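Colleague: First the structure, which I've put down as structure tokens, then a few questions once you've had a look.
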Amino acid sequence: MASVLRPLLWPLMILSWAIAGVACTSGDTPDDAAGTGSAGSGGAAAKWIDYQRDDDYPNTVRLPAEYIPMSDGVLLSAQVMLPADADGNAVEGPLPVVLTQTGYNKSASGYVDGFAFNSDLVRHGYAHVAVDVRGTGTSGGTWEIFSEREQLDYKEVMDWVAAQPWSNGKVGTWGPSFMGITQIFTGAWRHPAHKAIFALVPMGDAYRDIVFTGGQVNAGFIPLWLGLVTGLGLVPAQPSPEVVPALIDHLLGTLTYDVPVILQAILGSGGQNYDSAFWRTRSPIEVADRIRVPTFIVGGLHDIFQRGEPMLYEVIKKNTTAKLLIGPWTHVDASFGAGLPADGVPSTNQIALMWFDRYLRGMDNGAESVPNVTQYVFGEERYVVSPDWPHPQARAERWYLHGDHSLSAEPPGADEPSRYTLQIPVQGLCSVSSAQWTAGVLGLVPLPCFDGANNINELPLLGAVTYTTPPMDEDYYVNGPIQADLWVSRALATDASVAVRITDVDPDGGSTELTNGTLTVSLRAVDAGRSRMLSGDMIQPWHPFTEDVKAPFAPGESTLVNIEVFPSSFVIKAGHSLRIAVGSSDFPHGLPPVTDLLDQVLGVLRIDSNAEHPSSFVVPVVPVSALN
């Protein structure tokens with residue numbers, strides 16, 4: 001029953017808080033833990049293992065919370081869960097350790113099993129320690145959103161864990177979301193005790209993945225997230241002399257640090273709305289190339305970190321064994337691997353146990369040989385394995401927009417008409433995107449538009465302008481990032497927001513959203529050297545998003561914008577059609593800062609596509625045979 005309730009419990013917790021083995025063996029770490037410079041041996045012929053073994057112990061027990069002193073004097077609150085016998089007595093002797101470093105108050109969120117603590121791993125012979133990062137939970141200090149000082153704490157916590165009497169000095173890190181992010185930063189320290197990472201839904205690039213996608217404030221998730229961290233930090237814990245000072249620190253930190261940072265971002269002041277050292281410091285992708293321990297990444301096709309998860313895998317696999325699993329999930333569902341086991345893919349708990357048994361206990365269980373990449377494929381509605389990401393067989397194919405609302409491989413003619421949509425900053429409110437960028441919370445509302453149906457966002461003038469292929473003669477498989485190259489203009493303004501949705505249109509005309517992207521036109525500059533190319537085409541633009549490249553366009557002048565559409569995996573089945581819907585916003589996913597809002601509110605956005613201005617988009621197409 002607990003596993004059934006988890007996906008429901010966590011979003012409800014978010015809403016409420018935002019508002020207010022055998023005995024441990026000491027097997028040597030396997031040789032491939034040091035890194036082989038490849039994803040691992042899970043190539044094209046690899047298959048999943050139904051990895052199961054009996055619990056080593058019948059119960060678990062939590063030790064009293066204690067405090068870890070950091071080098072600057074701040075005390076971090078930690079609690080340990082140990083295996084226990086039938087009478088509830090903790091086992092004695094050193095064990096391999098699973099570490100979770102959280103911003104969600106282990107004293108509260110820890111009672112949702114599989115969130116701050118994983119009792120399944122503990123019953124299989126692991127000690128599990130959860131630590132509140134500074135400024136959160138019952139730890140002291142001020143939370144500064146993954147600051148350099150906080151990242152140093154991760155190393156010092158690892159020092160402490162490795163030296164405890166219940167620890168055998170071999171530590172793996174585990175956990176979803178915030179706890180996945182802390183793992184990547186921890187791995188970058190290359191601590192000798194750190195042997196494995198199992199990161200569920202970690203962020204890659206703080207600016208591009210989540211906070212300012214396309215140069216716009218994420219009005220859906222950021223307030224929810226800050227409310228969650230701050231609210232949970234005020235949830236009472238067991239009384240101790242350290243708790244009251246910690247709560248005061250948290251309140252002061254929120255008022256003096258977190259709130260000003262977010263207000264500056266919303267208002268467009270202080271440079272917080274541009275990419276900078278501040279956001280790069282808080283981006284795990286910036287340090288992921290330092291990781292040398294085997295790493296397993298779990299992501300979701302509709303997760304808030306949809307963009308960053310495969311990119312983290314792509315960086316980490318160069319230096320160590322790495323695996324990637326992407327499900328059909330929003331953030332909440334991905335945190336628990338909802339729906340697994342399925343199609344031969346085990347549950348995320350089974351996979352984590354296999355991963356840690358291999359790399360913390362030295363068991364020869366074949367973990368390194370499971371498929372390198374496993375992705376759910378929309379349209380097929382099943383999981384498919386592949387040897388790598390991006391898919392090695394992908395090739396770029398371009399589709400051109402036409403004035404008659406069609407899509408084809410042929411460029412448009414000279415006299416094809418432009419199309420128009422109102423520039424409305426709340427366009428797209430009822431969409432899969434809204435559910436996605438509220439971490440799945442809005443997806444609990446029983447409206448079809450939150451569950452895929454996109455027709456409401458394609459109403460004439462008020463909604464997006466659509467361009468659609470004829471029904472496909474055969475299945476069409478797309479896997480990877482997508483780029484829209486659109487010519488747009490506005491008559492009386494120097495800036496605009498452009499939002500793109502890629503959808504699947506069924507034979508009855510139902511349009512189901514697959515993935516999306518958005519961009520502020522004045523921040524359209526592209527760094528070609530950091531952009532992804534495929535078959536000679538740019539398929540994933542990299543925008544600097546800095547103030548010095550900001551370039552308003554001339555009113556009425558058609559301007560080319562390269563829009564990053566986040567990576568996906570889908571098949572447009574024979575008889576279905578591929579569609580691009582071009583609109584003016586993707587609220588609440590993106591909202592221009594106040595300083596830019598006046599120039600982007602109201603008015604009309606023109607989409608040109610003719611011989612002189614051939615709007616198009618490019619997709620990574622994979623042979624359908626690869627699905628087998």
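Colleague: Among the residues of segment 44-60, is there at least one that is assigned by TED's automatic domain parsing to the domain that holds residue 166, aromatic (Phe, Trp, Tyr), within 30 Å of residue 392 (Cα to Cα) and surrounded by 17 or more Cβ atoms within 10 Å (Cβ to Cβ)?
Modeller: yes
Colleague: Further, regarding this structure: Are there any pairs with C-beta distances below 9 angstrom linking a residue in segment 347-370 that is over 15 Å from residue 293 (Cα atoms) to a residue that is in a helix (DSSP H, G or I) and among the basic types (Lys, Arg), with the two at least 6 apart or on different chains, and if so which?
Modeller: 364/358; 365/358; 366/358
Colleague: Here's something else I'd like to know. Output yes when any residue across segment 514-523 is surrounded by fewer than 19 Cβ atoms within 10 Å (Cβ to Cβ), closer than 24 Å to residue 273 by Cα and polar (S, T, N, Q), and no when none is.
Modeller: Within segment 514-523, none of the residues are surrounded by fewer than 19 Cβ atoms within 10 Å (Cβ to Cβ), closer than 24 Å to residue 273 by Cα and polar (S, T, N, Q).
Colleague: Take residue 8 and tell me if it is more than 17 Å from residue 126 (Cα to Cα), in the same structural domain as residue 175 (by TED's automatic domain parsing) and either at pLDDT 75 or above or in a helix (DSSP H, G or I) (or both).
Modeller: Criteria met by residue 8.
Colleague: Can you tell me which residue is nearest to the chain's Cα centre (by Cα) among those in segment 524-566 that are under 28 Å from residue 459 (Cβ atoms) and outside any loop (DSSP other than H, G, I, E, B)?
Modeller: Checking each candidate, the answer is 566.
Colleague: Select from segment 503-524 the residues that are β-branched (Val, Ile, Thr) and touching a His at 6+ places or on another chain (Cβ under 9 Å) and write down the one among them that is nearest to residue 207 (Cα to Cα).
Modeller: 518
Colleague: Moving to a separate point now. Checking residue 308 against (1) more than 16 Å from the chain's Cα centre (by Cα); (2) at pLDDT 95 or above, only one condition comes out false. Which one?
Modeller: Among (1) more than 16 Å from the chain's Cα centre (by Cα); (2) at pLDDT 95 or above, residue 308 violates only (1).
Colleague: Give 122, 112 a once-over and let me know the one that is assigned by TED's automatic domain parsing to the domain that holds residue 355 and at pLDDT 90 or above.
Modeller: 122
Colleague: Which one is surrounded by the most Cβ atoms within 10 Å (Cβ to Cβ), of the residues in segment 473-505 that are small (Gly, Ala, Ser) and within 17 Å of residue 570 (Cβ to Cβ)?
Modeller: 484
Colleague: Output the qualifying pairs, or none if there are none: Cβ atoms under 8 angstrom, residues six or more apart or on different chains, first residue in segment 81-101 and within 20 Å of residue 195 (Cα to Cα), second residue aromatic (Phe, Trp, Tyr) and not in a loop (DSSP other than H, G, I, E, B).
Modeller: 96/356; 98/174; 98/356; 99/174; 100/174; 101/154
Colleague: Based on this model, can you work out whether residue 359 counts as of a type outside the set (A, V, I, L, M, F, W, C) and surrounded by 19 or more Cβ atoms within 10 Å (Cβ to Cβ)?
Modeller: Yes.
Colleague: Let me ask something additional. When you go through 514, 447 one by one, which is the residue that is more than 23 Å from residue 569 (Cα to Cα) and assigned by TED's automatic domain parsing to the domain that holds residue 554?
Modeller: 447
The values are calculated or read from the model by the stated rules, or taken from the named source; none is laboratory data. These numbers come from a predicted model, not from an experiment. Neighbour counts run over all protein chains shown; Cβ positions are idealised from the backbone, glycine included.
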